[in-house]
Amino acid sequence: MHNLVFFIALIFCLWIGRSIFIPLLFATFLWYLLNAIAAYYRKIMPCYKTYSGVCRIPGRMYTFLSILLAFLTVGFVIYLFATQIKPMLIELYHATPVLQNKLLAFSNFLSDKIGFDIDIDSIPSLPQIAGYIGSSLAGLATSTGMVLIYLIFMFIEQSSFNKKIDAMPLSKPKSKKLRYILNSIDENMKKYLFTKTFISAATGLSAYILLSIIGLEYASVWAFIIFILNYIPTIGSILACALPITYALISGDTWHLSLFTAISLISIEVVFGNIIDPKLTGKTLNISTLAILINLVFWGMIWGAAGMFFSVPILAAVYITTAQFESTRWIATLLSTDGKIPDETQSD
């Protein structure tokens with residue numbers, strides 16, 4: 001009974017404090033992503049060595065340059081969105097009333113040809129959906145300042161984080177266990193976010209090329225939406241295909257445009273989502289697909305789209321943590337794909 005009360009209280013706190021937790025999660029996401037990109041830059045950056053084999057560039061300078069390059073990379077993506085994609089999103093938003101009329105006409109066409117009566121009230125309102133998305137983005141923009149503050153302090157604190165762990169009044173075994181858990185979460189999050197970002201970017205770029213060849217309007221907008229939605233497991237891939245296909249279906253003069261759009265996007269999602277993604281992220285996470293789906297719905301109910309976006313990283317952190325304690329290892333076993341979980345003695 002006490003556990004149930006605690007669980008309900010926890011859900012209530014997560015829901016009531018979403019205005020604090022969501023910006024913190026976005027800042028953590030950017031912090032992990034920037035560090036992952038910086039780590040990649042450190043691998044490919046040349047190190048000019050002296051005759052004695054010592055690197056001429058100090059370690060701190062290497063770290064600073066890699067983080068600077070990571071910020072420039074993310075900044076370029078934001079600049080690309082602001083200058084290229086945002087105007088098209090605004091244009092698409094203003095075109096939603098016309099698209100709504102075409103959607104109604106298309107539903108009437110199906111009713112006449114198939115003989116299946118479609119309730120007009122059941123047809124989604126595109127202007128309302130666009131307004132909801134716009135208000136969500138506006139709410140996110142208002143919290144940008146808080147995200148940046150969190151992000152700056154995370155980079156300031158990361159250099160002294162290990163010193164704080166060493167200074168904690170813990171026994172040697174507990175200190176090792178804590179360090180192992182934190183290092184495992186850190187390593188897996190960086191690998192997952194970097195891999196997921198790479199796959200999402202490759203999926204969006206491939207979609208942009210094919211949609212441009214096909215001639216679908218707002219190809220860059222759909223590619224950007226596909227890039228973002230691919231962070232959301234399963235449902236994100238479905239929506240990433242459904243939105244441009246629906247647009248092609250109700251805006252095109254012939255059925256060929258929607259058919260080619262469907263074939264192109266579904267093929268891309270199958271290749272990247274069902275073949276490449278499992279092979280790359282499967283080495284990082286060993287979490288059941290059913291657990292991911294349940295977790296997706298759970299966080300979506302509490303935090304909406306933001307909760308769905310962060311559902312997998314949160315689940316991975318829970319999986320890694322519960323695997324390191326005897327009383328909670330059964331939770332990690334249920335969450336795992338094959339019942340094989342990290343050995344508790346690894347941290348000893």
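The values are calculated or read from the model by the stated rules, or taken from the named source; none is laboratory data. Bear in mind the structure is a predicted one, so any value in this text is a computation, not a measurement. FYI the Cβ positions are ideal-geometry reconstructions off the backbone, even for glycines, and counts take in every protein chain you see. For the accessible areas, the whole protein counts, side chains as well, though only heavy atoms, and no ligand, DNA or RNA atoms are used. Shrake-Rupley method; radii C 1.70, N 1.55, O 1.52, S 1.80 Å.
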Quiz item: Which distance in Å, rounded to a whole number, links the C-alpha centroids of region 201-264 and region 151-193?
Solution: 40
Quiz item: Looking at this model, which pairs from Lys86/Lys190; Lys43/Lys196; Lys191/Lys340; Lys43/Lys174; Lys43/Lys190 are more than 22 angstrom apart at the alpha-carbon?
Solution: Lys86/Lys190; Lys43/Lys174
Quiz item: Expressed in nm to one decimal, what extension gain is obtained for the pair Ile213 and Ile90 from 0.36 nm per residue of sequence separation less their Cα-Cα distance?
Solution: 42.0 nm
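Could you do me a favour and compute the accessible area per residue for region 193-329, 1.4 Å probe, result in Å²? Display every interim value, and only then the final one.
Working: 6100 Å² over 137 residues.
Normalised by residue count, the accessible surface of region 193-329 is 44 Å².
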Quiz item: Peptides 155-167, 201-213: what's the order by average Cβ count within 10 Å, highest mean first?
Solution: 201-213, 155-167
Practice problem: Could you tell me, in Å, what Rg and Dmax come out for the Cα atoms of region 150-214? | Solution: 19.3, 63
